[in-house]
Protein chains: 2
Amino acid sequence: MTGKGQIKVAVNGYGVIGKRVADAVAVQADMDLIGVADVVADWRARMPATKGFALYAADPERESAIQKAGLNLAGGLDDLLAAADIVIDCTPKKIAAQNVETYRDKGIRFIVHGGEKHSVTGHSFVAEANYETALGRDSTRVVSCNTTSIVRTLSALKRSGLLGSARGTLLRRATDPWESHLGGIMNTLVPEPEIPSHQGPDAQSVDPDLDVITMAVKVPQTLAHLHYWSVRMPRKASKDEVLDAFCASSRIALIRMSDGLGAINAVKEMMADLGRPNDSLYEVALWEDMLRVEGDELFYAYMVDNQAIVIPETIDAIRALTQAEPDGAASIARTNAALGVGAFAANTPTR
Amino acid sequence: MTGKGQIKVAVNGYGVIGKRVADAVAVQADMDLIGVADVVADWRARMPATKGFALYAADPERESAIQKAGLNLAGGLDDLLAAADIVIDCTPKKIAAQNVETYRDKGIRFIVHGGEKHSVTGHSFVAEANYETALGRDSTRVVSCNTTSIVRTLSALKRSGLLGSARGTLLRRATDPWESHLGGIMNTLVPEPEIPSHQGPDAQSVDPDLDVITMAVKVPQTLAHLHYWSVRMPRKASKDEVLDAFCASSRIALIRMSDGLGAINAVKEMMADLGRPNDSLYEVALWEDMLRVEGDELFYAYMVDNQAIVIPETIDAIRALTQAEPDGAASIARTNAALGVGAFAANTPTR
């Protein structure tokens, strides 16, 4: 049932990102999930019904296959878009580009994800960095997982006057767990062919002032990305000052090696034990005890759940585009509360 | 047969490093491999005979087990040491510490590897950096694989006046191929708990002037380490100047993504196709086309075969301690020629 003044949200594409977006929309007090659209007819298409989500056929040619599988269709993509205030596109790269034309033709607000170029919407979004500039826009792009983490962390340093230049090495998971039977890499390391890798320039699409250069390498595991950073600060600072800067972001969660969180699989297991849907880690999980300050230099590492980190940003982007909430901080607080963001963090460190 | 004036070399420990050292000693015109000592009695103990190497029991208590396995023993460790000018210790960490006492008692020159502390010998060795300071010493430590690669590359930049400060992220292979059934890590990443990791300070045991800080993470593969570096140069330089600096080292081999060498497994396959024993990559394999210069900053990545990179250094250390060759460059050239070091490198780049 749709409440009065609620934001009516459609999710197009019920894959790795789409299903997490749908779950997250469903628990926001000010949003209604109108339905989800997809093209598959196998077990994945049966999942929305188990959560009470209406299923739409994203492509008319797939309707009969989905119905033959015994699934109830609420309609086609046109029906879904007609009923919604905004659509979150979570389809694969090439499909998304076509969808954008459809959304524009129908005059519906839309959000795309980091697979698309900045130019597709002319605006790239990370809630803590530029929520206000998205207010009332027709569309925005929630940047990729890696870029989101870079903007969250470097923006936090910047707001505290601790950011000079940042140089990062990104260890990228080879493929998602769900797709690891379809091909990944095994027992090797595959460097990105070019330095800088694309994530640094992509972060500058959100904040052009960031002095950031990234290098990236694909590693044979499926759980998450891991970033190592070497930052020059404009002045000498203490470790406490740096930790305070990171703690000022509600989406950076400090974790500790000494707390048994000595590897990325342990952090994922904690997410499962917290009962989060799909074990999602929405935060940048940054190791407090590993972080090192040497004069005006800062070194740290953090983990990025590539499937989950953009979910809270997407929720905030919905409120910004629909102008349901003019204040970024207020939207972030509501999203965080609904998703439990930061609940496990050691952000009141015993230091 | 032992030639006149030949250096008589004993290898204690016929494991991952020891067997490669033995192969390398055997092909040096100025060295004779007296024999190898070990404690195992399984298939590994049958390998020396296939190469014509005499086998000694490294521990008297293991003699009967080795003989029961049908293997010919040339004697015990004492016999081996008595016949040698120098012993290369390739035993595991704790055993090596005990062995050092034995070597000292017997007054035989010895070389330990990077598992031991600098203080064990008071000298840490990388041929291109400090061959001459090892001349005539009783002992030296050939530093670890990662440290060897760091000293080779940063020394090369330093000799060309291009080294300011160097900050590196090291992706460490989880375990050796031969031991991967005994336990490694799977589908995760395990950060070293502390920043800086030990390799930076270890490089300073060879050259205290190096301004180097390292971070390290264990990755789920067995082939090799991979390093990513971000270097501040004392001045702006061109990419050509940097490549020239690296090319001046005969033990840094430039490779290219564009040549099909897009991952560490491809480089290992090339070593196999070159017919190198155990597919050994003795060089630092540094990607020429990935390397990037931005003003006074330099970014690059290279591969380190942890089982092989120290082998040529060990050969040179033998000549230095025994004073068989007073000139480091001459020793390096002889070692390189015997092992084929650099034979595959794109060190005359088409740039």
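Only one of A:Leu254, A:Leu243 is touching a Leu at 6+ places or on another chain (Cβ under 9 Å), part of a helix (DSSP H, G or I), surrounded by 19 or more Cβ atoms within 10 Å (Cβ to Cβ) and not aromatic (Phe, Trp, Tyr); which?
A:Leu243
Test B:Ala65 against the criterion of being within 16 Å of the chain's Cα centre (by Cα) and at pLDDT 95 or above, and give yes or no.
In short, no.
With (1) aromatic (Phe, Trp, Tyr); (2) in a strand (DSSP E or B); (3) under 28 Å from A:Leu135 (Cβ atoms) as the list, and A:Tyr103 as the residue in question, which single condition is left unmet?
Of everything listed in (1) aromatic (Phe, Trp, Tyr); (2) in a strand (DSSP E or B); (3) under 28 Å from A:Leu135 (Cβ atoms), A:Tyr103 misses just condition (2).
If you take the residues in segment B:144-160 that are under 15 Å from B:Asp305 (Cβ atoms) and among the hydrophobic types (A, V, I, L, M, F, W, C), which one is farthest from the chain's Cα centre (by Cα)?
That would be B:Ile150.
What do you reckon, is B:Val36 assigned to a helix (DSSP H, G or I) and in contact with a strand residue (DSSP E or B) (Cβ under 8 Å, 6 or more places away or on another chain)?
No; evaluated as a whole, the condition is false for this residue.
Can you name the helices (runs of 4 or more DSSP H) wholly within segment A:120-237 that have at least 3 residues being more than 9 Å from chain B (Cβ to nearest Cβ) and surrounded by fewer than 19 Cβ atoms within 10 Å (Cβ to Cβ)?
none
Which is within 20 Å of B:Leu33 (Cβ to Cβ), of a type outside the set (Ser, Thr, Tyr) and buried (at least 23 other Cβ atoms within 10 Å of the Cβ), of B:Arg319, B:Arg334, B:Arg276?
Only one candidate passes the filter, namely B:Arg319.
So if I check each of B:Thr314, B:Thr222, which one is assigned by TED's automatic domain parsing to the domain that holds B:Met47, over 24 Å from B:Leu163 (Cβ atoms) and under 19 Å from the mean Cα position of the chain (by Cα)?
After applying the criteria, what remains is B:Thr314.
Tally the residues that are free of Cβ contacts under 8 Å to residues at least 12 places away in the same chain and under 19 Å from A:Thr335 (Cβ atoms), restricting the search to segment A:87-141.
Qualifying residue count for the region: 1.
Out of all the residues in segment A:238-255, which are away from chain B (no Cβ under 14 Å) and β-branched (Val, Ile, Thr)?
Result: A:Ile252, single match.
Any residue in segment B:59-83 that is under 20 Å from B:Phe110 (Cα atoms) sitting within a Cβ distance under 8 Å of a residue that is of a type in the set (Val, Ile, Thr) and surrounded by 13 or more Cβ atoms within 10 Å (Cβ to Cβ)? List the pairs, counting only those 6 or more apart or interchain.
As it stands, the answer is B:Asp59/B:Val39; B:Leu77/B:Thr102; B:Leu80/B:Ile34; B:Leu80/B:Val87; B:Leu81/B:Val87; B:Leu81/B:Thr102; B:Leu81/B:Ile108; B:Ala83/B:Ile34, since those pairs meet every condition given.
State which residue is nearest to the other protein chains (Cβ to nearest Cβ) when the search covers only segment A:257-270 and only residues that are in contact (Cβ under 8 Å) with a residue 40 or more places away in the chain and surrounded by 19 or more Cβ atoms within 10 Å (Cβ to Cβ).
Looking at the filtered set, the residue picked out is A:Ile264.
The values are calculated or read from the model by the stated rules, or taken from the named source; none is laboratory data. As the structure is a prediction and not an experimental result, all values here were calculated from the model. Using ideal geometry, Cβ is built from the backbone for each residue, glycine included, and neighbour counts are taken over all protein chains shown.
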